[in-house]
Amino acid sequence: MQKNMKISYGKPYPMGATVVGEDTVNFAVVMSTDETCGVIIYNRKKKTSEKLSFCCSNKVGNVRCMKVSGIDLMNCEYNFYIGDKIINDPYSKQVLGNDRWGKLPDRLRSGFYSDNYDWEDDAHPLIPFNRSIFYCLHVRGFTRHSSSKVHYPGTFEGIVEKIDYLKELGVTAIEMMPAYNFVEYAPKEEPKDEFAIGPYEPEEIKLNYWGYKDSFYFAPKGSFAAKGKRADISFKDMVKALHKAGIEVIMQFYFPSNIKQGYIFEVLKFWMQEYHVDGFHLMGEVLLSLLGTEPMLANTKIMCDHVPVDDIYERGTVPDYKNLALCNDKYMYDMRRFIKSDEGMIPAVLNYMKHVPAKIGDVHFFSHGNTFTLMDTVSYDRKHNEDNGENNRDGSPYNGSWNCGFEGPTNKKSVRTLRNKQIRNAIILNMLSRSTPLIVAGDEFGRSQKGNNNPYCHDNAVTWVNWKDLEKNRDIYDFMRYMIDMRKRFSILHGPESFKMNDYLECGYPDLSFHGEEPWVVDADPLSRQFGMLYDGNYAGDDVFIYVAVNMHWSAHDFAIPEIPSKYSWEILVNTDKSGFVTIKKDDMSRISVKERSIVIMLGKKNELLGTS
């Protein structure tokens, strides 16, 4: 051992390597073995390495620990070892050797992480689920395309450069696909040794662009930082900039079955405390009944495909801040089936329009990372994953999609017009549903993956957001912005609770009422594909009425509009039919004709001239 290094008894917590002085580090790691084990210190400057063995007496349970002083923290790296086997630190907060995207690392080591970042006056926005609009993106794919015109494409810095765009669109949170440090290039068949590195032949290597795999969960991905910048600083700068803009940061985490639940606790608490992350979308094997009761995470959004509400909250209790939420694809498939005119979908759709769970949130979407984009949902009947190299066997065989009469791109005007209409129908339903809407990056201007519903291995134009589509499909973008603004503008459209569907304020109307082609009667026939909704904004202080006529049938239907007080007059805000607004006589606002596969939104406002001379 080098003369300047000294070993003393360490502490079994926190795990990993913790800097406790200018040249002193506490090491703690789980090692259930009788073999010689310890830490290897590598000095980059001197090009030397030193093995330091754990003392058998400094052991707590299966945790080996020791404190080492005399380490040159700026020039040294470390790994653990058992016998002749080198082991990467699963608690590593700074991963070295995986800083270049697309380069298979020949070795992985850990650096010594020390937090001296100036967060200034950073604070969590704490935006409730009912006032949130989520925007899901892949850090690299969001700005990697040259059309993004950012200085640092494919990075955390690239996201910062797009903050003005995100604010203009109206989103309140970004949800990042895995942005912790994963090795994107790996053997097609994973080695038995965790994080083992080659050598491998090129044909044995496959790209994992998404990052849903066992990873270094405590460190931001190095190759997502601008060249020459530390990933931890890059990530923190991004969070701080987004928070200043009033935008939250949600991280996706995938935990396979081999990851222990206690470890997951440590990961999430670390990111919340150290990186000021606002929430997590958890995938894989997660015991949410434990996470949901963790006091430190009570103000942190946690989303999962299943929330055991009864195991988390006592009967009759409602949390002060809803931090847990459902996030699964049931809504997506139901709503896709509805807009493509499947029968029997009205009951499910009406439930989404009125209901939100009492104690938790509910995040809904028309597309997500592992399915068709919104544009592809209306452009393809079948998946087209041939470029994945798996003979189109991968990906879900069912997408609830409809190509509107032609498979894939077409110049046929009638098909393109119908697709555009269906996209706007989807946007309306997404923004009017009672729970929290989520948009996938690029869906707001018609991004396509050419029918690929599982592009996990593509780092190219298939997965990159092409910002040229923003000008090409400006009408879709403008419509998305309009509907986001409408949802925010009228409080009745984004309340925190389910509609009561009755006149509990005794003002003559329920907060929300459902209608059919005739007022107050919904057609319950499974063959029905149309309904109406009347919102009384007085229940939320809006002093307006909003009537929505939804017709997903392939034929036009006439709707009788429910009567509202005479001091209000109707105007049409939205008609998704390309032929334009329906012509209605000023003295007859009792009926409206809604074209096939169209939605009309009407606003009832007070007549400002009423009572004037």
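Nothing in this text is a laboratory measurement; each read-out follows from the coordinates by a stated rule. All values derive from a computational prediction rather than experimental measurement. Glycine also receives a Cβ, built like all others from the backbone with ideal geometry; neighbour counts cover every protein chain displayed.
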Worksheet item: Expressed as a fraction of 2.2 N^0.38 Å, the rule-of-thumb size for a compact globular protein of N residues, what is the C-alpha radius of gyration of segment 344-405?
Response: 1.45
Worksheet item: For the chain, what is the relative contact order in percent, using Cα pairs closer than 8 Å and at least 6 residues apart in sequence?
Response: 10
Discussion item. Just want to confirm a number: the relative contact order over segment 6-87, from Cα pairs under 8 angstrom separated by 6+ residues, in percent.
Written reply: 38
Worksheet, complete the sentence: Which of LYS47/LYS85; LYS11/LYS103; LYS11/LYS221 exceed 30 Å between C-alpha atoms? The answer is LYS11/LYS103
Practice prompt. Kindly provide the helix-only [θ] at 222 nm of the chain, computed as the sum of -39,500 (n - 2.57) over DSSP H runs of four or more divided by all residues, to the nearest 500 deg cm²/dmol?
Written response: -5500 deg cm²/dmol
Worksheet, complete the sentence: Mean projected area, convex hull of alpha-carbon positions in the chain, reported to one decimal in nm², is 32.0
Practice prompt. Could you list the square roots of 5 times each eigenvalue of the Cα gyration tensor of segment 423-512, that is, the equivalent ellipsoid semi-axes, sorted largest first and rounded to whole Å?
Written response: 36, 15, 9
Response to the item:
In Å³ per residue, the alpha-carbon convex hull of segment 83-126 encloses 143
Practice prompt. Only helices at least 24 Å long along their axis, Cα-based, and averaging -1.0 or more on Kyte-Doolittle count here, so list those DSSP H runs from the chain.
Written response: 413-432
Practice prompt. Kindly give the semi-axes, whole Å and largest first, of the ellipsoid equivalent to segment 6-87, taking each as the square root of 5 times a Cα gyration tensor eigenvalue.
Written response: 20, 15, 9
Worksheet, complete the sentence: Karplus-derived 3J(HN,Hα) from phi for segment 34-39 (6.51 cos²θ - 1.76 cosθ + 1.60, θ = phi - 60°), whole Hz, x at Gly and Pro, runs 9, 6, 5, 9, x, 10
Practice prompt. Would you kindly derive the ³J(HN,Hα) couplings of segment 502-516 from the backbone phi angles with the Karplus curve 6.51 cos²θ - 1.76 cosθ + 1.60 (θ = phi - 60°), listing them in order in whole Hz, with x for Gly and Pro?
Written response: 8, 8, 6, 9, 6, 9, x, 9, x, 4, 9, 9, 9, 9, x
Worksheet item: How large is Rg over Rh for segment 193-312, taking Rg from the Cα atoms and Rh as the Kirkwood inverse mean of 1/r across Cα pairs?
Response: 1.01
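Of LYS359/LYS488; LYS162/LYS236; LYS162/LYS488; LYS93/LYS227; LYS244/LYS330, which ones are farther than 26 Å apart at the Cα?
As for pairs spanning more than 26 Å Cα to Cα, those are LYS244/LYS330.
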Fill in: Estimated Rh, segment 512-606: Kirkwood, alpha-carbon pairs, angstrom
13.5
Discussion item. Cut-off under 15 Å on the C-alpha distance; same-chain residues fewer than 8 positions from LYS605 excluded. Which aspartates and glutamates are left, in chain and number order?
Written reply: ASP536, ASP542, ASP543, GLU563, GLU571
Item to complete: Please work out the C-alpha center-to-center distance from segment 22-48 to segment 326-342 and express it in whole Å.
Response: 52
Worksheet item: Setting aside same-chain residues fewer than 8 positions from LYS322, which aspartates and glutamates have a Cα under 14 Å from its Cα?
Response: ASP278, GLU294, ASP362, GLU497
Item to complete: Could you give the C-alpha radius of gyration of segment 499-563 expressed as a fraction of 2.2 N^0.38 Å, taking N as the number of residues it contains?
Response: 1.18
Discussion item. With just the Cα atoms defining each centre, how far is segment 64-141 from segment 244-318? Give it in Å.
Written reply: 19
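Determine the dipole magnitude for the chain: charges of +1 sit on the beta-carbon of Lys and Arg, -1 on that of Asp and Glu, nothing else is charged, the reference point is the Cα centre, and the result goes in debye to the nearest 20.
With only Lys, Arg, Asp and Glu charged at Cβ, the dipole is about 1420 debye.
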Worksheet entry | Rounded Å value of the spacing that divides the Cα centres of segment 455-500 and segment 390-448 | 12
Response to the item:
Taking only the alpha carbons of segment 1-146, the radius of gyration and the largest Cα-Cα distance, Dmax, both in angstrom, are 19.2, 61
Worksheet item: So who's got an amide H within less than 5 Å of the one on ARG144, skipping anything under 5 residues away but keeping other chains? H placed 1.01 Å off N, in plane.
Response: GLY154, VAL465
Worksheet entry | DSSP-defined antiparallel bridges as percent of all bridges, the chain, nearest 5 | 70
